[in-house]
Structure formats: C-alpha cells, structure tokens
Amino acid sequence: MRKKDQEVELSNLDKVMYPEDGYTKQDIIDYYRRISAWILPHFYNRPLTMHRFPDGITGESFYQKNISSYFPDWIQTVSIDKESGGENEQILCNSFAALLYIVNQGSITNHVWLSQYPTLKKPDKVIFDLDPYDSTRKSFEIAVIAAQLLRDCMVELGLNPRVMTTGSKGLHVVSFIKPELGFDLVREGAKKIAMRVVQIKPDLFTLEIRKKDRQGRLLIDYLRNAYAQTSVVPYSLRALSGAPVATPLRWDELNKGLSAGKYNIKNISHRLSQMEDPWKDCFKNKKDFSKVIKKLKD
C-alpha cells in the first residue's frame, strides 16, 4: 500500500447529476461529506469498485476497479492476485480525502469486497441478496419475509445478522464473521442457509439464478460470497431517480411502510439525527463461521 500527503481539488460542482431531481455534483459531494463518519468504516481496507457517471445518471456509466494513472499517489492501493493470473492495483478508500476524491470522479455508487486487506482471500462477512422478481410492493413484501426467515435461521446457527435496504429493489442480509475461512467454504455454508429458507416456503423463494426459471419467486442470492465479488457500500447513493440510499435498518423496521428506496439524499440525515446507526457496532464480535458450518452438517 502507499500513502502520502492528501489534497483534493473539486471540479464541475454545478454539473447536474440527477436530471429529474436537479441534484448537482455539489449536492452529491455535500451528501458524502455529511455521511462520511457512517460510511467510511464500511470502506476500510476493502478493494473498491467505483460506478462512475461522468455525465450524470442518465448518461453513459462505467465500473472502475483498477487505479488510473492520473489518481494522486496519496490514494492508498493494494495489489490483488487475479484468479486468471497477474495482478490488479485497486483503490482502498481509507480516508475522508479519498472519499471526496472518488466522488469528485463521478463515482455515485460504490461497491466493496466482502474481505479486507491483508486477508483478501478470507471474507469477514457473509451476505444474502434478496432480489425481488419485479419492483412491485408485493414482491418487496416477499423480500421482507425472506429476510425475517433468514434472520431466524442465522440466529439459530449462532450468527448476528443485519439487514439493509439496497436503495434499488431489494434487501441485503449480512453477518460479520471472523476472517478465517476461504470463500468456497463460506459460500457453501451460505448456500445451505439459503436452502433452509427455500425449503420453508418453496412457493415464494428460489435459488434459481435465471429469471425464466424462478416462476415469479424471489431469488435468495448467496453467490456474491466469492473472491473478488462486491456488494454496495452501506449509505452509498444509488444512481436512480430520487437519489435513494442503501440504508442499514433495525430489524423492527421491516414493516409495511418500508420500501427499498424509502431513504434518500434528502431524508437520511434526519433519520440519523433521530437514532443511532443500526450497524454502529457491526464490526465487533465477529462470529466463527466454522461453527456454523459444523451445525449445518449436524
């Protein structure tokens, strides 16, 4: 990794990034300034994938993993072994200045690995992406049922599950674990947990990846639990109308008034001024996933 003096020069602050809402690049930078204390711990030492929108959310966008030659040399990076051979040099957004820099590059939505440097091949969280069949209220309510069943199953296995809206269509259920096992073992354990939930309500849930095979059922996606896969950073903006935010929740907030995009750039600050961050202590007391795997075999 590398780190030197930090300087950030902001540019094009009046550029409109959300045309329907009128939010500018300045608005986005201001949002990430306000949310920095909550979001930065979720970036720490995790290789970053930026989703960049140089001309706003209605223009062309692209994903960027590798650091560019024009990035300042104080941005921390890590060299990553590619499964196909060779290396990538990816960004670690470990400071407020780095956060401002990537946002100034037009990165509206940010995604990070499920593992941290230096144990990149051993995840410290297991994740389930609850992907509704469509954007209807009924589909989202089925995602809520899936999250609640996953919670019960995971608690029974000794995990401490968390839940968040994705800011898009669905929910993520996450548990933080000790970085002791490889991705293959963790993914196999996650699959068995997901299968337990599917077996409870096979008419509502499925593990089928292809939409044509789901027959209207909700996908419980456990496949993100793999080397170099990413998930959206909690409190990240989404590039959708209304500027929704991927928002950590308390479990008792899974109710009929909830939607995946309920919290957004305008109301998230009020929410956090009225309550503690529901994921405030999520990195403490990480669970031993090898014990979970043993219980799944019993």
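The values are calculated or read from the model by the stated rules, or taken from the named source; none is laboratory data. If you're wondering where the values come from, they're calculated on a predicted model, not measured in any experiment. Counting neighbours? That spans all protein chains shown, and the Cβs are built from the backbone with ideal geometry, glycine included.
Considering only residues that are part of a helix (DSSP H, G or I) and surrounded by fewer than 22 Cβ atoms within 10 Å (Cβ to Cβ), look in region 89-99 and name the one that is nearest to the chain's Cα centre (by Cα).
Phe96
Among the residues of region 200-225, count how many are crowded, with 16+ Cβ neighbours inside 10 Å and either touching a residue at least 40 places away in the same chain (Cβ under 8 Å) or small (Gly, Ala, Ser) (or both).
Summing the residues that are crowded, with 16+ Cβ neighbours inside 10 Å and either touching a residue at least 40 places away in the same chain (Cβ under 8 Å) or small (Gly, Ala, Ser) (or both) in region 200-225 gives 11.
Working only within region 201-242, note down all residues that are in contact with a helix residue (DSSP H, G or I) (Cβ under 8 Å, 6 or more places away or on another chain) and either at positive phi or β-branched (Val, Ile, Thr) (or both).
Matches in region 201-242: Thr206, Ile220, Val233, Tyr235.
Restricting to region 37-84, name every residue that is in contact with a Leu (Cβ under 6 Å, 6 or more places away or on another chain) and outside any loop (DSSP other than H, G, I, E, B).
Val78, the sole residue that qualifies.
Let me confirm something: among Ser236, Ser175, Ser241, which residue is in contact (Cβ under 8 Å) with a residue 60 or more places away in the chain, more than 30 Å from Glu89 (Cα to Cα) and surrounded by 14 or more Cβ atoms within 10 Å (Cβ to Cβ)? Show your work before the answer.
Working: Ser236 fails: more than 30 Å from Glu89 (Cα to Cα); Ser175 fails: more than 30 Å from Glu89 (Cα to Cα).
Result of the check over Ser236, Ser175, Ser241: Ser241.
Counting only residues that are in a strand (DSSP E or B) and without any contact (Cβ under 8 Å) to a residue 40 or more places away in the chain, how many does region 7-36 have?
1
Can you work out which of the residues in region 1-50 that are modelled with pLDDT of 95 or more and of a type in the set (Asp, Glu) is farthest from the chain's Cα centre (by Cα)?
Asp14
Could you look through region 253-266, keep only residues that are exposed (fewer than 12 other Cβ atoms within 10 Å of the Cβ) and not small (Gly, Ala, Ser), and pick out the one that is nearest to Arg151 (Cα to Cα)?
Asn255
Go through region 246-282 residue by residue and tally those that are in a loop (DSSP other than H, G, I, E, B) and either under 18 Å from Tyr18 (Cβ atoms) or touching a helix residue (DSSP H, G or I) at 6+ places or on another chain (Cβ under 9 Å) (or both).
Of the residues in region 246-282, 19 are in a loop (DSSP other than H, G, I, E, B) and either under 18 Å from Tyr18 (Cβ atoms) or touching a helix residue (DSSP H, G or I) at 6+ places or on another chain (Cβ under 9 Å) (or both).
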